[in-house]
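Colleague: One structure coming up, written as structure tokens, with questions to follow.
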Amino acid sequence: MKKAGIIMIIGSLLLLGLFKFPLWNIMLGAPQYPEPLGMNIYIDGIKGVSEFDLQNIDGLNHYIGMKTIPKPNEMWEFSVFPKVILGMALLGAIIGLLGIFNKISYKFFLGWFILMSVLGVLGMYDFNNWLIDYGSNLDPHAIIKVTNPDGTPMSYKPPLLGFQKLLNFDVTSLPHTGGYLMFVGMSLTLVAFWFGRKASLKKTTQ
Amino acid sequence: MKNLLKSTLAILGALVAFTSCNNSANSGGKSGALASNIAEKVYVAPGEHDEFYAFISGGYSGNLTVYGLPSGRMFKEIPVFSQFPTSGYGYSEETKPMLNTSHGFIPWGDSHHPDISQTNGEIDGRFIFINENNTPRIAKIDLTTFETTEIIEVPNSAGNHSSSFVTENTEYVVAGTRFSVPVPQRDMPISEYKGNFQGALSFISVEPEHGHMDIKFQLLMPGFNYDLSHPGRGKSHGWFFFTTYNTEEANTLLEVNASQNDKDFIAAINWKKIEEYVNNGGGTMMPAEYAHNVYDEVTHTATSTMKKEVRVVNPSDVPGAVYFLPTPKSPHGCDVDPSGEYIVGNGKLSANLTVHSFTKMLDAIENKKFDGEAYGIPILKFEDVLAGSVEQPGLGPLHTEFDGEGNAYTTFFISSEVVKWKLGTWEVIDRKPTYYSVGHLTIPGGNSRKPQGKYMFAMNKITKDRYLPTGPELEHSAQLYDISGDKMELLLDFPTHGEPHYAAAMRADIIKERSKKIYSLAENNHDYAAKSDADTKVVRKGNEVHIYMTTIRSHFSPDNIEGIKVGDKVYFHVTNLEQDFDVPHGFAVLGQNTSELLIMPGQTKSSVWEPTKVGVWPFYCTDFCSALHQEMQGYIRVSPANSNVPLKWSMGENIE
């Protein structure tokens, strides 16, 4: 159980990487942008990959009537997400610590994982909703209005994950370092659960 | 029988091989498989970058052109000494001061010899300097922006030709006069030239951080013509060498009268010694008038300051600082090999190339082996300083460059060829024709301790039939040669702009990493910058009207302006708000008597317009900036001088 507890602590503390590294990244390349424009999505705000990327994305988006990329104070998520992540990291570490001293069952590890997964899915759902709003809630006076073949306005929603072509832009949306650290951390908590279970079974057979 | 046939073929094959080796003059006409092989050597695939930058002087265009090697593609024309309507250089209010001189505003120049800054004898790619021959000036171009950022006028000089070469750590950029003149200038009979005219050799210090130039001292030499120069390097660092001609001191029909002496001189100058003398208070301050123009990248504005005096040094006041090395027949190029040992004097009327030895020169000086003196300057004995001569290499030698493998390459104007020869043995290794009558040649890094080799290009004075004809006036041709093998191989023939005199070239990697993409709008400190639409305004001061205008894809702000009157002097101060690479905006208004403005992201430029006619006149963006570029326009209303239409402006709504 000692090993499992340590892994649990490491796994949950890896979430703290989100305070330093971006969770997600969206890159926008086009014939005129051989060096693509990009935005890094952090849990507390969106930053350009290069200094003026956000400004330039907003500049281009004004043609199709998209809203400007939100500032941290314009979305509640950017103040809540850091608290949730910090809370979950600390909770995981405490569970792990208690696990080391056999104060609680290994099943708490799985419980933490399930809670984190539910929060993660909710976060992704919220993020996707924002992308839909950002990509389709357009200024009716937009300079360029593109419609689908059925006459409905085209949506410029970037993909949640993967690649999509939007007019002249090739948009790629993938997790970034912070996101990968979170996934590795969450996987580690599952490993911790597995080790905890093995240790527990061993104990019972003895 | 079969064997006999075989051996005959073998012998024939050998003969062909030998003749083609010896008869290298014919190798220009390769075809078939060989030609396609050559094409591959200069082919830079679409989207790929060239390996080298070449900065080729634009001669009487007054500018400097930027090329890529080996493709021979031109990337930019950098305006230096001439007005350039393409960008507004010399027309915009900010850049007019760059062309100010003690003779007033001069819209044109004759640029000659670019040289890249060096650190420890190696090219560092920070700045490039170039001289203006006609109204003597030296310019500095910043290689992060590829823009001219400083120009200093050189007083007491005339025909600023033996310029602008830098010392090993860019301590100095050196400018020598081709024509000797009265110093200081005065009204006197031309016939009294001899003994009265003087030649000023100027040592312009370069401040290490920003490259700011200041004339440290001028050496007032005898009234010869100082044709070209090069710094010592390595062991000869601290010395500078100048070729002279017209040591006859003729002032008329020089083609005859200045070709009488069997030998002219290379002047060897121990500048470190003179620097020490000057640092100890030596020399005298002479009244002079010369402009020093500096462009500030933060205010995007140039200022011109008129300087009032210059420090001059009489060579006889600094014993041991200046010597003359006799050199046959009106030498032109004066080139120093990468080791600093050999000084090549290209005697343009001589059949042989003369090479002096720096070690022998020091020895002759130490042992006082003098052969008389000229105006108090000791003349060394020719035989005592001679390292060797290249015998009969060609006709009309002009310039020599080096490849770092112990080989030298000399251009021959009259026989129209480049000859490769070996330093030390003085044997000719190869020769290749040029098309036609080559002047300078350049090897990347060829004027440094570490030439970068691989290519050499020859810049010709005569083009004739090389390209599709374009009437009587032709651009000059240049040829690129592969010099990586024993024999030179002609790769490419490409046109150059203006008259390319010298060129400087270097590997692209250092420069391209530092090249700026935009100017920071936040750092823009221009007096009339409008950094957002909220800052835009129109201000009247008497009959001067200042319009603080912004541009961003795809509109001007303001784009409707009223209340201008005939007789007003209207300043359009246009700021480009973009912070995106390669999104300039242009500005032009109907009837503008200057040029357009081309404004880079983050930059502010100003154009003066003095409307002479009542009406509503359009202005527009001249650079196809965006999909809605054609919509990027505005109107300015000009009313009669006595009207009382109020000064108003708007963007996105009507003026009430």
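The values are calculated or read from the model by the stated rules, or taken from the named source; none is laboratory data. Quick caveat: nothing in here was measured; it's all calculated off a predicted structure. Here the Cβ is made from the backbone with ideal geometry for all residues, glycine too, and neighbour counts use every protein chain on show. SASA here: full protein model, heavy atoms, side chains in, ligands and nucleic acids out. Shrake-Rupley method; radii C 1.70, N 1.55, O 1.52, S 1.80 Å.
Colleague: Please provide three numbers in whole Å: the alpha-carbon extents of region A:1-77 along the principal axes, with the largest listed first.
Modeller: 59, 30, 18
Colleague: Using only Cα positions of region B:113-188, each an equal point scatterer, no hydration layer, compute I(q)/I(0) via Debye at q = 0.20, 0.25, 0.27 Å⁻¹ and quote the log10 values to two decimals.
Modeller: Here the Debye-derived log intensity ratios amount to -0.81, -1.08, -1.19.
Colleague: Additional query: Name the residues of region A:48-67 whose accessible area falls by at least 20 Å² when all protein chains are present instead of the chain alone, probe 1.4 Å?
Modeller: Flagged in region A:48-67: A:Phe52, A:Gln55, A:Asn56, A:His62, A:Tyr63.
Colleague: While we're looking at this one, here's another question. What does the convex hull of the alpha-carbon atoms of region B:290-430 project to on average, in nm²?
Modeller: For region B:290-430, averaging the hull's shadow over all directions gives 12.8 nm².
Colleague: Show me the GluC sites (Glu not before Pro) within region B:399-502 that DSSP assigns to loop and that have at most 14 other Cβ atoms within 10 Å of their Cβ.
Modeller: Loop-located and lightly packed - B:Glu405, B:Glu427, B:Glu473.
Colleague: Now, a different point. Under 1.5 on a/c is rounded, so check that first for region B:287-328, then, if it is not, pick prolate when a/b is larger than b/c and oblate when it is not; a ≥ b ≥ c are the square roots of the alpha carbon gyration tensor eigenvalues. Intermediate results must be reported in sequence, preceding the final value.
Modeller: Numbers: a/c = 4.02, a/b = 2.37, b/c = 1.69.
The shape class here is prolate.
Colleague: Follow-up. Of the accessible area of region A:2-205, with the probe set at 1.4 angstrom, what percent is carbon plus sulfur?
Modeller: 69
Colleague: On the Cα set of region B:391-462, report Rg and Dmax in Å, please.
Modeller: Just the Cα atoms of region B:391-462 yield Rg and Dmax of 11.3, 33 Å.
Colleague: Also: Rg/Rh for chain A: what does it come to with C-alpha atoms and Rh from Kirkwood?
Modeller: 1.12
Colleague: Using helices alone, I'd like the mean residue ellipticity at 222 nm for chain A: each DSSP H run of four-plus residues gives -39500 (n - 2.57), total over residue count, nearest 500.
Modeller: Values: 5 runs with 104 residues, N = 206.
Computed ellipticity for chain A at 222 nm equals -17500 deg cm²/dmol.
Colleague: Please list, in chain and number order, the residues 5+ apart from B:His399 or on another chain whose amide H is under 5 Å from its amide H, with Hs placed from the backbone.
Modeller: Distant-sequence amide H within range of B:His399: B:Thr411.
Colleague: To continue, here is another question. Taking Rh as the Kirkwood radius computed over C-alpha pairs, what is the Stokes-Einstein D of region A:123-175 at 37 °C in a medium of viscosity 0.692 mPa s, expressed in µm² per second?
Modeller: 271
Colleague: I need the phi-derived Karplus couplings for region B:352-366: 6.51 cos²θ - 1.76 cosθ + 1.60, θ = phi - 60°, integer Hz, Gly and Pro marked x.
Modeller: For region B:352-366, the Karplus-derived couplings read 10, 9, 9, 10, 9, 9, 5, 4, 5, 5, 4, 5, 5, 5, 4 Hz, x marking Gly and Pro.
Colleague: Now for a separate question. Could you list which residues have their amide H under 5 Å from that of A:Tyr156, counting only those 5 or more apart in sequence or on another chain, with H placed in the peptide plane?
Modeller: Residues meeting the amide H criterion: A:Ser136.
Colleague: Still on this structure, I have one more. Which chymotrypsin sites (Phe, Trp or Tyr not before Pro) in region B:465-505 pass both tests, a DSSP loop state and at most 14 other beta-carbon atoms within 10 Å? Don't jump to the answer; show the numbers that get you there.
Modeller: Details: sites: B:Tyr467, B:Tyr481, B:Tyr502; in loops: B:Tyr467, B:Tyr502.
Passing sites in region B:465-505 are B:Tyr467.
Colleague: Determine the shape class of region B:533-650: with a ≥ b ≥ c the square roots of the Cα gyration tensor eigenvalues, call it rounded for a/c under 1.5, and otherwise prolate if a/b is greater than b/c, oblate otherwise.
Modeller: Because a/c hits 1.5 or more and a/b exceeds b/c, region B:533-650 counts as prolate.
Colleague: While we're looking at this one, here's another question. Using θ = phi - 60° and the Karplus relation 6.51 cos²θ - 1.76 cosθ + 1.60, list the HN-Hα couplings for region A:88-105 in order, rounded to whole Hz, with x at every Gly or Pro.
Modeller: 5, 4, 5, 4, x, 5, 5, 4, x, 4, 5, x, 4, 8, 6, 7, 9, 6
Colleague: I've got another one for you. Sum -39500 (n - 2.57) across every DSSP H segment of at least 4 residues in chain B, then divide by the residue count to get the 222 nm mean residue ellipticity, nearest 500.
Modeller: Taking each H run of at least 4 residues, the total per residue is -3000 deg cm²/dmol.
Colleague: In whole Hz, what ³J(HN,Hα) sequence does region B:283-299 give by Karplus (6.51, -1.76, 1.60; θ = phi - 60°), x for Gly and Pro?
Modeller: With coefficients 6.51, -1.76 and 1.60, one gets x, 10, 7, 10, x, 7, 9, 8, 8, 10, 10, 10, 9, 9, 6, 8, 8 Hz.
Colleague: When the distances between all Cα atoms of the protein assembly as shown are binned every 20 Å from zero, what whole-number percent does each bin get?
Modeller: For the protein assembly as shown, the pair-distance distribution reads 13, 33, 28, 19, 6, 0, 0.
Colleague: Using mean Cβ contacts within 10 Å as the protection proxy, how do B:253-265, B:148-160 order, highest first? Could you put the intermediate results ahead of the total?
Modeller: Working: B:253-265: 15.3, B:148-160: 25.0.
The packing order, highest mean first, is B:148-160, B:253-265.
Colleague: B:Asp110's amide H: which non-local residues (gap 5+, or another chain) put their own amide H closer than 5 Å, with H modeled 1.01 Å from N in plane and none for Pro or chain starts?
Modeller: B:Asn133, B:Asn134, B:Thr135
Colleague: Which residues does the label zone of B:Tyr467 cover in region B:43-62, counting backbone N under 16 Å from a point 7 Å along Cα→Cβ?
Modeller: Inside the label zone: B:56-61.
Colleague: Considering only the other residues whose Cβ falls under 9 Å of the Cβ of B:Lys569, what net charge follows from Lys and Arg at +1 and Asp and Glu at -1?
Modeller: With Lys, Arg at +1 and Asp, Glu at -1, the neighbours total -3.
Colleague: I've got another one for you. Report the rotationally averaged projected area of chain B based on its alpha-carbon convex hull, in square nanometres.
Modeller: 35.9
Colleague: Compute the Rg to Rh ratio over region B:128-266 from the alpha carbon atoms, using the Kirkwood formula for Rh, and round to two decimal places.
Modeller: 1.01
Colleague: Right, another one. Say the dipole of the protein assembly as shown comes from +1 at the beta carbon of Lys and Arg and -1 at that of Asp and Glu; which of A:Gly178, B:Ala364, B:Ile414 then lies farthest toward its positive end?
Modeller: It is A:Gly178, whose Cα lies furthest towards the positive end.
Colleague: Could you state the principal axis extents of the C-alpha atoms in region B:445-548, from the largest down, to the nearest angstrom?
Modeller: Ordered largest first, region B:445-548 gives principal extents of 68, 40, 21 Å.
Colleague: Could you compute how much accessible area chains A and B hide from each other, both sides summed, with a 1.4 Å probe? Nearest 100 Å² is fine.
Modeller: Numbers: alone 11640 and 26640 Å², together 37500 Å².
Interface between A and B: roughly 800 Å².
Colleague: Can you list the lysines whose alpha carbon is less than 18 Å from that of B:Lys76, not counting same-chain residues fewer than 8 positions off?
Modeller: Here the lysines satisfying the reach criterion relative to B:Lys76 are B:Lys140, B:Lys512, B:Lys516, B:Lys517.
Colleague: Might you tell me the accessible area per residue for the protein assembly as shown, computed with a 1.4 Å probe and given in Å²? Mind showing how you got there, number by number?
Modeller: On the way: 37500 Å² over 862 residues.
With the other protein chains kept in place, the protein assembly as shown gives 44 Å² per residue.
Colleague: Below 22 Å, Cα to Cα, which lysines can B:Lys263 reach? Residues fewer than 8 away in the same chain don't count.
Modeller: B:Lys194, B:Lys329, B:Lys348, B:Lys360, B:Lys368, B:Lys369, B:Lys381
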